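Structure, as structure tokens:
The values are calculated or read from the model by the stated rules, or taken from the named source; none is laboratory data. Bear in mind that the values here come from a model prediction, so they are computed numbers and not experimental data. Methodologically, a virtual Cβ is constructed for each residue, glycine included, from the backbone with ideal geometry; neighbour enumeration extends over all protein chains shown. Protein only, heavy atoms only, side chains kept; ligands, DNA and RNA dropped before computing areas. Shrake-Rupley method; radii C 1.70, N 1.55, O 1.52, S 1.80 Å.
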Amino acid sequence: MKILLIGEKGQLAWELIRTLMPVGEVVSVDYPQFDISDKTQIADTVKAVAPDIVINASAYTNVDLAETEKEKAMAINADGPGWLAAACASKKIPLIHYSTDFVFDGTKKTPYVETDQPNPINVYGLSKWRGEQSIQQETGSALIFRLAWLYSMRGNSFVTKFLEWAKKYETIRIVDDQIGNPTWARFVAEATAAILSQAIIAEKPLYNWFAERNGIYHLTSGGEASRYDWAKRILDFFPQNENFIINEILTAKTIEFYTPALRPPFSVLNCDRIVKSFNTSVTHWENQLRLCLQ
Ligand SMILES: NC(=O)c1ccc[n+]([C@@H]2O[C@H](COP(=O)([O-])OP(=O)(O)OC[C@H]3O[C@@H](n4cnc5c(N)ncnc54)[C@H](OP(=O)(O)O)[C@@H]3O)[C@@H](O)[C@H]2O)c1
């Protein structure tokens, strides 16, 4: 089993590389050696590697900068994934791709399901939604997992940022009016590996197995949290806190902090579809966070 992994240096890709080791040979590529916004390079790489499956963990993920770098965000998150899907389809290779809760506007009051209409309120969300659409136009054999509030101990996530702030500030103000699913990148990697393993042991070509399950699935932790709840739990669960000077976390409102991109106020995703389709389980965000931090 040869797996072509796009985006090797990202926080999710890192977890995928280690988690997929027992599943198959992982050939990983990343920018600048491989550029997903280069159509020719995509076709050449897929041809040269000749993988059994492609997993795209690359993305333009700077939500605020995307507001001023719209063209670049669209090329990486929308055009590239479409070209990748076309290259895969032409060789009957299935594709796994990741999208985001930011495709939604956040006005719903209950968790979003896959059939809810996206309505992104920032360029990043729009680019990721276009990416979903372009993949679905090009191939009928792709699983698109919508993730949310991804973190790990590597990379630039809310968790790593908060741990830095805790060393620098005695008081930290965190918004309590953005609600979502803090999701550990390792959980996503392991769910991906578990689903891929189901495909490998099925007695049919991988492409057909994926084609039968082609579509979008929400894949996040269970429960829901505000950023304030999340911050409080980071502090509770992090064991090595000798260097912290923080002594209080106060609540704040989104409107108090200017950011170039708007954030959806409520982007909790309902994961029933993935649980039923692949018999996976979705663990509560606090359990994922405790394990990650410890
Ligand atoms: N982070 C979140 O909170 C979150 C939430 C929901 C969904 N997601 C989705 O989850 C997936 C993984 O996210 P992540 O947090 O692991 O992202 P990440 O850490 O930002 O990693 C993305 C990787 O893609 C690479 N990349 C950027 N431009 C590229 C290009 N033109 N060609 C090839 N590679 C390129 C980046 O390289 P450079 O570092 O050199 O740019 C980086 O290694 C993405 O699809 C993202 O949209 C993330």
Gain in span if fully extended, Ala252 to Thr110, counting 0.36 nm per residue against the direct Cα distance: 48.9 nm
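With +1 on each Lys and Arg Cβ and -1 on each Asp and Glu Cβ, and nothing else charged, work out how big the dipole of the chain is about its Cα centre, in Debye to the nearest 20.
Working: 30 positive and 34 negative charges, 58 e Å.
Dipole magnitude for the chain comes out near 280 debye.
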Karplus-derived 3J(HN,Hα), 6.51/-1.76/1.60, for each residue of the range 111-120, Hz, glycine and proline x: x, 6, 9, 5, 8, 5, 6, x, 7, x
Counted charge near Glu138, where neighbours are those whose Cβ lies closer than 15 Å (Asp, Glu -1; Lys, Arg +1): +2
Cut-off under 5 Å, modelled amide H: who pairs with Leu5 long-range: Val27, Ser28, Val29, Ile55
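Taking the Cα centre of the range 35-133 as origin and charging only Cβ (+1 Lys, Arg; -1 Asp, Glu), how large is the dipole, in debye to the nearest 20?
Numbers: 10 positive and 14 negative charges, 58 e Å.
Computed about the Cα centre, the dipole is about 280 debye.
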Simple label model, 7 Å out from Cα along Cβ direction - Leu291 to Gln240, nm: 2.1 nm
Helix-derived mean residue ellipticity, 222 nm - over the chain, DSSP H n ≥ 4, -39500 (n - 2.57), to 500: -12000 deg cm²/dmol
Radius of gyration, Dmax [the range 126-196; alpha carbons; angstrom]: 16.5, 52
Amide proton proximity set for Val268, modelled H, under 5 Å, gap of 5+: Tyr112
Top positive-direction residue, dipole computed over the chain with Cβ charges, set Ser28, Pro265, Ser281: Ser281
Spacing of the two label points (7 Å from each Cα toward its C-beta) at Ala48 and Arg154, in nm: 2.2 nm
Sequence of Val275, Val49 when ordered by accessible area, the most exposed leading, probe 1.4 angstrom: Val275, Val49
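State, as an integer percentage, the relative contact order of the range 182-262 based on alpha-carbon contacts under 8 Å between residues 6 or more apart.
Relative contact order for the range 182-262 comes out at 33 percent.
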Leading residue at positive end of dipole, the range 1-142 (Cβ point charges), from Val49, Thr107, Ile6: Val49
The range 1-99: relative contact order in percent, alpha carbon pairs under 8 Å with at least 6 residues between: 33 percent
Label-to-label distance, nm, for residues given as Tyr169 and Asp38 (7 Å Cα→Cβ offset): 4.0 nm
Hz values of 3J(HN,Hα) by residue in the range 249-262 - Karplus curve (6.51, -1.76, 1.60), Gly and Pro given as x: 10, 9, 7, 9, 10, 3, 4, 6, 10, 6, 9, x, 9, 6
The chain - Debye-derived log10 I(q)/I(0), Cα point model, q = 0.06, 0.12 Å⁻¹: -0.19, -0.76
Placed amide H near Gly222: partners under 5 Å, 5+ positions off or other chain: Thr283, His284, Trp285
Rg followed by Dmax, in Å, when the range 208-294 is reduced to its Cα trace: 17.5, 55
The range 29-167, accessible area per residue, ligands and nucleic acids excluded (1.4 Å, Å²): 42 Å²
Karplus 3J(HN,Hα) series, Hz, for the range 221-228 with 6.51 cos²θ - 1.76 cosθ + 1.60 (x for Gly, Pro): 6, x, x, 8, 8, 8, 4, 5
Loop-located GluC sites (Glu not before Pro) in the range 161-190, at most 12 other Cβ atoms within 10 Å (DSSP): Glu170
Relative contact order (%) - the range 144-193, alpha-carbon pairs under 8 angstrom, separation at least six: 47 percent
